[in-house]
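Report on one structure; see the data block that follows.
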There are 2 protein chains.
Amino acid sequence: MRMSKFYIPTLREMPSDAEIASHKLLLRAGMMRKLVSGVYSYLPMGYRVIRKVEQIVREEMDRAGAQELLMSAIQPKEIWEASGRWENFGPEMFRLKDRNSREFCLGPTHEEYFTDLIKDEVKSYKQLPLNLYQIQTKYRDEKRPRFGLMRCREFIMKDAYSFDVDEENMKTSYQIMWEAYDEVFTRLKLKYKVVQGDTGAMGGKISHEFMAMSEAGESLVAYCDNCNYAATDEKADVVYKVNNEIEEELNMERVHTPNVTTIESLVEFFGIDHGRFGKALVYNIGEPIVAIIPGDRELNETKLCNYLGIGEHDLELANEEIILDITGANKGFTGPVGIKKGVKVLVDSRIAKMKNLIVGGNETDYHLKNVNYGRDFTGEVVEDLLLVREGDICPKCGEQLKMERGIEVGNIFQLGTKYSSALDSNFLDENGKEKPFVMGCYGIGVSRSVAAVVEQYHDENGIIWPLVVAPYHVIITVVNTKDESQVNLGEKLYQELGVLGVEVIIDDRNERAGVKFKDRDLIGIPIRITVGKKAGESIVEYSVRGEEDKQEVEVDKLISLIEEEFTKEGLKL
Amino acid sequence: MRMSKFYIPTLREMPSDAEIASHKLLLRAGMMRKLVSGVYSYLPMGYRVIRKVEQIVREEMDRAGAQELLMSAIQPKEIWEASGRWENFGPEMFRLKDRNSREFCLGPTHEEYFTDLIKDEVKSYKQLPLNLYQIQTKYRDEKRPRFGLMRCREFIMKDAYSFDVDEENMKTSYQIMWEAYDEVFTRLKLKYKVVQGDTGAMGGKISHEFMAMSEAGESLVAYCDNCNYAATDEKADVVYKVNNEIEEELNMERVHTPNVTTIESLVEFFGIDHGRFGKALVYNIGEPIVAIIPGDRELNETKLCNYLGIGEHDLELANEEIILDITGANKGFTGPVGIKKGVKVLVDSRIAKMKNLIVGGNETDYHLKNVNYGRDFTGEVVEDLLLVREGDICPKCGEQLKMERGIEVGNIFQLGTKYSSALDSNFLDENGKEKPFVMGCYGIGVSRSVAAVVEQYHDENGIIWPLVVAPYHVIITVVNTKDESQVNLGEKLYQELGVLGVEVIIDDRNERAGVKFKDRDLIGIPIRITVGKKAGESIVEYSVRGEEDKQEVEVDKLISLIEEEFTKEGLKL
């Protein structure tokens, strides 16, 4: 391809609303453009990368025995009502009506549809296992679309669905997909961790997320360097040691605490440790609920929603009016003792074990001291409502956990029979008995993976594409397009490399050398050939994007240098 | 691929709502499934065909210098309002709102978006010509989705947009695309005609349609065997000879014609030729209008809409109430003389030339005789409001036109500056003057092309895929999977052909031979190897789908037979 003809609208200025590297660089390198918030188009250079990622995903899915198909994005309300997700998905689902007022959504995912597809068509256990996948545009009306390709409202995803006769076989399918994902992300050169995830809106019990580690990631991962434990902050079990379990229960006291409404000010006021307080959080989920957790910790809203069986969009912090109504006090003085009758109180299991707590008094400017679960208040005890943090004890080995940010590029779910039961999608087993399919589902964010690659491979000047997903392998820069020998040599190399199957782009624009070098760095083609003043002697400059080394070489050495680079990256020329 | 593992849910029964061969066979062969009216999923076998067609389109677009990218399907209302098509597209456009009540459509096409994309990014004439394309899912909420992939509400399309400095260069881009389309449809083995088309909702003046000729097509093509004239029935100019132009104008007479309301009954009543009558059609386009055409012809509603500058969805036949209001008579007695004041009367130019017409009297049970344009009535004279029919005179050479049905698989439009002017999308010309881009747009129905191939290539037993788009090149049928020598030979051939890069599927199912043969015919893989009783002697049966010949051959002759078939189809093994 010739840059003089190719549509690569690079930008010198920093796009104003872009915060992270991949967002900035993909815009600046002319690889994508925003249409509206969270909706992008992939320009020719960027789309080449997308298609390479798709192809890697496709090859690994095929190798794992999954079969590619393509479903519609439009899906009728009925199948989503059967699973209960028409309501559950909330405002994140794009909804529309056709000319006959029939209701549809734009698929945010396809569990219902796949389950419905094979219903009545796959009849026998003999046809299982079956794994079907598609690479398709998905739609989610995100509350806060941001970070370019990281969180979009229209995006490209690979989604696969496995169907098995029982749990054990489903676990085998799950394992096969896990391994295929390892292959995909390894081929994409991503540094990633596989971590336990929350199953969220998908349902099922077990899931794992593939996290490309990056400061720009929206996910937080808790992991242990000692054992292989790793989980998202939403999922990670929190081990919290209660130190005063054996203390004697003292008499409850009412303490005047004017304007002392935060844990910090309580610590100062009482002169004791954060952990001795019971923190009350009031939420509105249609009705008010109160959650009590240790004063030195944060509440994990995902765990709370899972316990309540609601979606996160149905959870909001209660306003002061509700708090006043159920506590009789202003905000900051809520506690579990004497809360309005009928209000559900959820108690983190550690609170239930702690002795002589200090909690809000449900009376403005008052707290209660020496409060004890069972004696002074009760509630529904929930095993774990806490958000993990750096330094927590590893639930697996007891060492300390570390925290790091990651980009969720893949996820795999053991769904079980949630969808097949709901949609009445069954097969006949060996004994002729009807059973629901046992399912798994498996996603890879194709467009998001491109963002993840850029986050991990860039410098201050631009992108540094790994060869395997680079839009082109080699860029030839003709320094001075008015110098005939440079033009001729550039053209000759361009033709020769093309014939060898190298994907090569030539910068034949009538631009200053500085512009060409800046664009070259920005766009990030890995292998660079600079045809300059020594063109007449058949000498060019060879360099690799992201490496310091530059070497002057005779042109007949180029092939072997390029070959070397391919080999280094595990590719064949 | 092994058929025992592959998801090909073939059907023995004829799907009840399928009328045409491609619809029936693609369903029966397990290549696609309907979700709701006009919305399909492509199953693994069918999706392989889709992807092959896509790849052919991609290769020819790339070869023609077009650059692939991918835009979003979601598009904001604003850019469609700028072009005036938000209203104009009518109910055929799927519309939706996001969580912030912002209005969007699902792109039925992308003229506005591409024009908007390059605005401010392509600044100079030096960057032109530019041709950008995508292969993408499109959405049209068709009034009558039908015929399977022929008329869908969600479908796969290739759309390209060219940008040039002036008309002349745009015509060059148009010509290049025309030639690329010829390549595409030739490679797809489609028997097609290129015909003049109506520009319809796209705008512009000149367009051509690529019609795959088939009885199942929804389009009617008028063509001349003598010259190369061909046009859709919507577009074709009608040459209509007026025979009595030189007659003397007689006195107008009022004739009592009780219950004589159709042209047929008028012909009988008056005992003269159809062509002496003036047929009046009353439409409601928000206001009533009357069109007068020769009594022996049909009105072309596309021509009428184009003249009026309205969309076809804004045109409907007037009800009896409106007719009564503007004529004072019941339906069947409408004519141009004495119609209610202010009602627009459109007169086909031939009517204006005809002498002594018989027309409705605008009085129940009465007609008028010897009516003459100019003397007895006036109106807006429209050059041509007539629908072409078999036997009409070719407007180019004067021979007789023939009519045939076709499937519109591609179309190309000379748009001019309709969109660039509306969206203020300009470049600077050689003299530094701002000018709007001169555009063309070019579509190929990818999924519809698959249907067209099936319409042209099938028999009563199933599909007969041309090798170039066949889901697999070769099918090996192991007749008896309990016969070890058959299984072994089948497997050996399966492996050997796979290594050679032949796309091969083996029917290794434990099914009766009859079932396998039926499925094989239905699915339509072109090259067939039957491994039967003579497997022990390394003899198999070789045949080609759709040909009578079967031959018993030694297995070592297979490669050269397959190679021969590839060569015959213009492919390389």
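Laboratory data are not the source of any read-out in this text; all were calculated from the coordinates shown. All values derive from a computational prediction rather than experimental measurement. Here the Cβ positions follow ideal geometry from the backbone for every residue, glycine too, while neighbour counts run over all protein chains shown.
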J(HN,Hα) series, the range B:392-400, from Karplus relation 6.51 cos²θ - 1.76 cosθ + 1.60, nearest Hz, glycine and proline x: 4, 7, 4, x, 9, 10, x, 6, 8
What lysines sit close enough to residue B:123 to cross-link, taking a C-alpha to C-alpha distance under 17 Å and skipping anything fewer than 8 places away on the same chain? A:5, B:433, B:435
Long-range amide H partners of residue B:146, meaning residues 5 or more apart or on another chain whose placed amide H is closer than 5 Å, are B:151
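Which of the pairs B:34/B:171; A:77/B:138; B:52/B:482; B:303/B:402 have their Cα atoms more than 32 Å apart in this structure? Could you put the intermediate results ahead of the total?
On the way: B:34/B:171 40 Å; A:77/B:138 20 Å; B:52/B:482 35 Å; B:303/B:402 20 Å.
Too far apart for the 32 Å limit: B:34/B:171; B:52/B:482.
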Just from the alpha-carbon atoms, what are the Rg and Dmax of the range B:181-243 in angstroms? 13.3, 48
Packing-based exposure ordering (other Cβ within 10 Å, fewest first) of A:257, A:10: A:10, A:257
Report the chymotrypsin sites (Phe, Trp or Tyr not before Pro) located in the range A:1-63 that are in a DSSP loop and have at most 11 other Cβ atoms inside 10 Å of their Cβ, or state none. none
Between copies, how far does the label point of residue B:126 sit from its twins, in nm, shortest first, when each point is 7 Å from Cα along Cα→Cβ? 7.0
Can you give me the pair-distance distribution of the protein assembly as shown, C-alpha pairs, 20 Å bins, whole percents? 10, 32, 33, 19, 6, 1, 0
The range A:187-226 and the range B:311-344: distance between their alpha carbon centers, rounded to Å: 69 Å
Copies of residue A:549 compared via label points 7 Å along Cα→Cβ give distances in nm, shortest first, of 5.9
Rounded to the nearest Å, the spacing of the alpha-carbon centers of the range A:46-62 and the range A:240-296 is 53 Å
Check the straight Cα-Cα distances from residue A:331 and name the aspartates and glutamates below 20 Å, setting aside those fewer than 8 residues away within the same chain. A:264, A:268, A:287, A:296, A:298, A:301, A:316, A:320, A:321, A:363, A:365
Whole-Hz ³J(HN,Hα) from phi, Karplus 6.51 cos²θ - 1.76 cosθ + 1.60, for the range A:221-234, glycine and proline x: 10, 9, 9, 10, 6, 7, 10, 9, 5, 7, 7, 5, 5, 5
Trypsin sites (Lys or Arg not before Pro) within the range B:473-517: DSSP coil, no more than 14 neighbouring Cβ in 10 Å: B:482, B:512
Lys pairs in the range B:491-573, Cα-Cα under 26 Å, at least 8 apart or on separate chains: how many? 25
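Counting alpha carbon pairs within less than 8 Å and at least 6 residues apart, what relative contact order, in whole percent, applies to the range A:253-382? Before the final figure, lay out each step's value.
Numbers: 255 pairs, mean separation 38.7, N = 130.
Relative contact order here is 30 percent.
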How are the Cα pair distances of the range A:395-442 distributed, in percent, across 5 Å bins from 0? 5, 16, 13, 13, 12, 11, 8, 8, 8, 5, 1
Rounded to whole Å, give me the distance from the Cα center of the range B:136-180 to that of the range B:514-560. 40 Å
Where along chain B is the Cβ that lies nearest the axis linking it to chain A, and how many Å separate them? B:96, 2
For residue A:344 and residue B:14, what does the FRET efficiency come to when R0 = 56 Å and r is the distance between their Cβ atoms, rounded to the nearest 0.05? 0.45
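Say R0 is 30 Å: what FRET efficiency, to the nearest 0.05, do residue A:244 and residue A:143 get from their beta-carbon distance?
Numbers: r = 41 Å, r/R0 = 1.36.
Using R0 = 30 Å, I get an efficiency of 0.15.
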Mind grabbing the base-10 log of I(q)/I(0) for chain B at q = 0.06, 0.08 Å⁻¹? Debye formula, identical points on the C-alpha positions, no solvent, two decimal places. -0.42, -0.70
Note to self: Kirkwood Rh of the range B:356-461, Cα pairs, one decimal, Å, is 20.6 Å
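Sort B:270, A:437 so the one with the fewest other Cβ atoms within 10 Å of its own Cβ comes first.
Working: B:270 16, A:437 29.
With the sparsest Cβ surroundings first, the list reads B:270, A:437.
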Across chain B: Cys residues that no other cysteine approaches within a C-beta distance under 4.7 Å: B:105, B:152, B:305, B:441
Would you order A:274, A:458, B:256, A:367 from fewest to most other beta-carbon atoms within 10 Å of each residue's own beta-carbon? B:256, A:274, A:458, A:367
Other copies of residue B:518: label-to-label distances in nm, shortest first, labels 7 Å along the beta-carbon direction: 7.0
Would you mind giving the average projected area, over all directions, of the Cα convex hull of the range A:472-568 in nm² with one decimal? 5.6 nm²
Could you work out the helix-only [θ] at 222 nm for chain B, with each DSSP H run of four or more residues adding -39,500 (n - 2.57) and the total divided by the number of residues, to the nearest 500 deg cm²/dmol? -8000 deg cm²/dmol
Over the C-alpha atoms of the range B:264-334, what are the Rg and the largest Cα-to-Cα span, Dmax, in Å? 13.4, 39
In whole Å, largest first, what are the principal axis extents of the Cα atoms in the range A:83-231? 58, 44, 27
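Mean separation of Cα pairs under 8 Å and 6+ residues apart, divided by the residue count of chain B: what relative contact order is that in percent? Write out the running numbers ahead of the final one.
Numbers: 1230 pairs, mean separation 96.4, N = 573.
This gives 17 percent for chain B.
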Can you bin every Cα-Cα distance in the range A:253-382 into 5 Å intervals starting at zero and give me the percent of pairs per bin, rounded to whole numbers? 2, 11, 23, 25, 22, 12, 4, 1
Run through the range A:238-324 and list the GluC sites (Glu not before Pro) located in a DSSP loop whose Cβ has at most 16 other Cβ atoms within 10 Å. A:245, A:247, A:248, A:249, A:298
Relative contact order of the range B:108-250 (C-alpha contacts under 8 Å, at least 6 apart) in percent is 15 percent
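If you take the square roots of the eigenvalues of the alpha-carbon gyration tensor of the range B:295-363 and sort them as a ≥ b ≥ c, do you get rounded (a/c under 1.5), prolate (a/b over b/c) or oblate? Mind dumping the intermediate values first?
Working: a/c = 1.84, a/b = 1.13, b/c = 1.62.
Oblate, since a/c reaches 1.5 and b/c is not below a/b.
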